[in-house]
Ligand SMILES: [Zn+2]
Ligand SMILES: [Zn+2]
């Protein structure tokens, strides 16, 4: 099971970012320069612990992610 999809929901990652992760993100990671650009943008806000969609990056939306207990339980 993909952590970012299933446990992403449990952890409070917004649906828009999950959709971004399962959709366009897969093509972003193919291109090195886009990847670099992406991370520079994603990390311009503090404490980002997940892959954000472009809308959330633009709006500086950072959710407080809580640890889901699927793994430990
Ligand atoms: Zn979970
Ligand atoms: Zn988002």
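Read-outs throughout are calculated quantities, based only on the coordinates presented, and are distinct from any laboratory measurement. Just so it is clear, the structure is predicted and the values come from calculations on it, not from any experiment. We place every Cβ from the backbone using ideal geometry, glycine too, and count neighbours over all the protein chains shown.
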Discussion item. Given (1) surrounded by 12 or more Cβ atoms within 10 Å (Cβ to Cβ); (2) within 16 Å of ligand 1 (Cβ to nearest atom), identify the lone condition not met by residue 69.
Written reply: (1)
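Check 9, 40 and return the single one that is without any contact (Cβ under 8 Å) to a residue 12 or more places away in the chain and either within 16 Å of ligand 2 (Cβ to nearest atom) or not in a helix (DSSP H, G or I) (or both).
Details: 40 fails: either within 16 Å of ligand 2 (Cβ to nearest atom) or not in a helix (DSSP H, G or I) (or both).
Every option except 9 fails the conditions.
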Worksheet item: Counting just the residues of segment 43-73 that are outside any loop (DSSP other than H, G, I, E, B) and in contact (Cβ under 8 Å) with a residue 24 or more places away in the chain, which one comes out farthest from the chain's Cα centre (by Cα)?
Response: 55
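For (1) closer than 26 Å to residue 69 by Cβ; (2) surrounded by 13 or more Cβ atoms within 10 Å (Cβ to Cβ), each residue gets a yes or a no:
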residue: 12; (1), (2): yes, no
residue: 16; (1), (2): yes, yes
residue: 28; (1), (2): no, yes
residue: 37; (1), (2): no, no
residue: 48; (1), (2): yes, yes
residue: 51; (1), (2): yes, yes
residue: 59; (1), (2): no, no
